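The values are calculated or read from the model by the stated rules, or taken from the named source; none is laboratory data. Computed from a predicted model, the values in this text were never measured in an experiment. Don't worry about glycine lacking a Cβ; one is built from the backbone with ideal geometry, like all the others, and counts go over all protein chains shown. When the accessible area is computed, the model is the full protein with side chains, heavy atoms only, and any ligands, DNA or RNA have been set aside. Shrake-Rupley method; radii C 1.70, N 1.55, O 1.52, S 1.80 Å.
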Amino acid sequence: MQLALHAMLSVLLLEGARVSAFTHLNALPSRAASGNRFLSTKLSQSFRLRRDVWRQRGNGGTRAFRFSELPASKRGGDEWIDLRVVSYNIHGWRDASHADNFDKVKRVLGSLSPDVMALQEVLHPYSLPTDAAQADRYLDMVRNAQGRGYKCGQPVGQESYLLALADATGLPYVSFGKATEDGYFGQFGYGNAILSRFPIVSETHAVFEPEAHHQLNRRMEAEQRSITIVKLKTSQYNTHTFCVAHIDQLSDALRAEQLRFMLPFAEAAGPHFL
């Protein structure tokens, strides 16, 4: 079984947290020049985060404590939070030959037992048409770059591949950030998603619209791209913020513009995974 693994940018910007281990399928991360920033092309990473700050409410309001300052009875267990984070480019729920590969994706990602999963190029709501002739016609249209404008009956509830994946991997909390409603894969919501084992406290989505000059001399359309940011309640007293972004695959200049647009949203969220 082979799945096309797409290069991913994985940046760690967590202040006051420590990374103790990486679990990977491709290569070890390369440390960039700035302290706690990592560049990686890995599908899966495991982190141990120190629960540095706890909060306790009282008559005088909310007070912040460091873990070491709390009495043992207030600590609520281990000082560390173990997280496995997975990032994967879904590629519209198909392989490089435009054959439906949802079952393979579900099996591979489920085998990694993730706590948080960041997904790019997600169609939602979407599932392959159940009529075989219609499914073949649709996949052929996209294979021949004629998918734009295609519309078919969209799935409801757990029939949607994204929700089915959430159910199969035991990640019940879902955030989907739509970048566009019509594009290379047809008239489906297209964007990023984060699936989580932990409740979502808040979520933010921002969409970048490329200027017209970026459409010149391209073999593929310059699409709208987005960043999705979620804050997760990872323990009784702690939250951690995760971001997923998707940038252009062809143009360095466009990628730079997209990052200049997206990164301030991530920075405004405070310490985060991207």
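If you check ASP100 against the conditions, is it open to solvent by less than 70 Å² (accessible area, probe 1.4 Å), under 17 Å from ILE194 (Cβ atoms) and at pLDDT 90 or above? Criteria not met by ASP100. Of the residues ALA268, ALA222, ALA193, ALA253, the single one that is open to solvent by less than 50 Å² (accessible area, probe 1.4 Å) and either out of contact with any Leu (no Cβ under 9 Å at 6 or more places or on another chain) or within 23 Å of ASP95 (Cβ to Cβ) (or both) is ALA193. The residues of the range 256-265 that are open to solvent by 20 Å² or more (accessible area, probe 1.4 Å) and not acidic (Asp, Glu), listed by number, are ALA256, LEU259, ARG260, PHE261, LEU263, PRO264, PHE265.
Has the range 162-177 got any residue that is over 17 Å from VAL86 (Cβ atoms) and in a strand (DSSP E or B)? Yes, the conditions are met somewhere in the range 162-177. You will find that of SER160, SER113, the residue that is open to solvent by less than 20 Å² (accessible area, probe 1.4 Å) and either farther than 24 Å from ILE247 by Cα or hydroxyl-bearing (Ser, Thr, Tyr) (or both) is SER160 and no other.
A quick yes/no check of all residues on (1) open to solvent by less than 50 Å² (accessible area, probe 1.4 Å); (2) touching a helix residue (DSSP H, G or I) at 6+ places or on another chain (Cβ under 9 Å); (3) among the aromatic types (Phe, Trp, Tyr); (4) free of Cβ contacts under 8 Å to residues at least 40 places away in the same chain:
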position	(1), (2), (3), (4)
LEU216	no, no, no, yes
SER235	yes, no, no, no
ASN238	yes, no, no, no
GLN249	no, yes, no, yes
PHE273	yes, no, yes, no
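Taking (1) part of a loop (DSSP other than H, G, I, E, B); (2) surrounded by fewer than 21 Cβ atoms within 10 Å (Cβ to Cβ) in turn, LYS106 satisfies each apart from (1). When VAL174, VAL207 are checked against the criterion of being of a type in the set (A, V, I, L, M, F, W, C), surrounded by 15 or more Cβ atoms within 10 Å (Cβ to Cβ) and at pLDDT 95 or above, VAL174 stands alone in meeting it. Annotation note: Cβ proximity below 9 Å between a residue of the range 127-141 that is part of a helix (DSSP H, G or I) and a residue that is open to solvent by 50 Å² or more (accessible area, probe 1.4 Å) and at pLDDT 90 or above (sequence gap 6+ or interchain) occurs for ALA135/ASP100; LEU139/ASP100.
Residues that are part of a strand (DSSP E or B) and touching a Phe, Trp or Tyr at 6+ places or on another chain (Cβ under 9 Å) do occur in the range 251-274, at least one of them. Quick test of your reading of the structure: THR130 fulfils all but one of (1) open to solvent by 80 Å² or more (accessible area, probe 1.4 Å); (2) touching a helix residue (DSSP H, G or I) at 6+ places or on another chain (Cβ under 8 Å). Name the failing condition by number. Failing condition for THR130: (2). Just checking, does the range 195-211 include any residue being assigned to a loop (DSSP other than H, G, I, E, B), touching a Pro at 6+ places or on another chain (Cβ under 9 Å), among the hydrophobic types (A, V, I, L, M, F, W, C) and within 19 Å of GLN120 (Cβ to Cβ)? No, because not a single residue in the range 195-211 is assigned to a loop (DSSP other than H, G, I, E, B), touching a Pro at 6+ places or on another chain (Cβ under 9 Å), among the hydrophobic types (A, V, I, L, M, F, W, C) and within 19 Å of GLN120 (Cβ to Cβ). Taking the range 178-188 as the range and being in a loop (DSSP other than H, G, I, E, B) and surrounded by 19 or more Cβ atoms within 10 Å (Cβ to Cβ) as the test, the residues that pass are PHE185, PHE188.
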